[in-house]
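The values are calculated or read from the model by the stated rules, or taken from the named source; none is laboratory data. Given the structure is predicted, the values throughout are model-derived calculations rather than measurements. Positions of Cβ are backbone-derived with ideal geometry, glycine not excepted, and every protein chain shown enters the neighbour counts. To get the accessible areas, we keep the full protein, side chains included, count just its heavy atoms, and leave off ligands, DNA and RNA. Shrake-Rupley method; radii C 1.70, N 1.55, O 1.52, S 1.80 Å.
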Amino acid sequence: MLKKTITMIVIVELFLSSSAIAGPFGLEMGMSLKEIGGTPENIAYGKYKLTSVPKPHSAFEFYVIQVAPNSGLCWIKAIGKDIATSSYGLELKSEFSEMEKKLEGTYGKHKIMDFLMPGSIWNEPNEWMMGLIKKERVLMALWDKKEGSALPANLETVALIASPSSRDKGYISIEYLFANEESCNAELAAQEDDAL
């Protein structure tokens, strides 16, 4: 009887530990900083930089998370490594496309936003990177329940974004927005306003 009880406890612990790291990069909605572990560096009110996560991915250099004391973890941004690219952005676009396919395999249907703002002067093919630098060009993929994406219940949106580092370097990032993000933001705003 004791052996069966111990076996059941071990099974329950394994289940709990595996479900606790089932989210993106092994991070779950509502986790506290203590549960996340590592050595989070405070970079803004409620935002922390992590150089390690429970389930890292080689495409990303570091991670930024938002955590409120009561709501816990509500947002993750994985920041990719710099990609050397031409002024046409070909290598950056290729890396973006590769990651888009991986995310599509996980979350399914999504929407692509690939456009240049009206009136931008950076409209030549060899000015693609300059358009990104000037914030007049967008390359983004969005997974959202409204779009019919297969997101878990606690995940609201996933966004893949191409960003510039310079004219000849860029990186991709992925943002994960959890269902508790609104309450998390309200909690952090109220705490910060207490200082006034």
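Give the residues of segment 127-156 that are over 22 Å from M117 (Cβ atoms), part of a strand (DSSP E or B) and open to solvent by 30 Å² or more (accessible area, probe 1.4 Å), sorted by residue number.
Within segment 127-156, E156 is the sole residue that qualifies.
What pairs come up if the first residue lies in segment 82-111 and is closer than 27 Å to G148 by Cα and open to solvent by 50 Å² or more (accessible area, probe 1.4 Å), the second is among the acidic types (D, E) and part of a helix (DSSP H, G or I), and their beta carbons are under 7 Å apart, counting only those six or more places apart or on different chains?
As it stands, the answer is K109/E147; K111/E147, since those pairs meet every condition given.
Among (1) over 24 Å from F115 (Cβ atoms); (2) surrounded by fewer than 21 Cβ atoms within 10 Å (Cβ to Cβ), which single condition is F178 missing?
(2)
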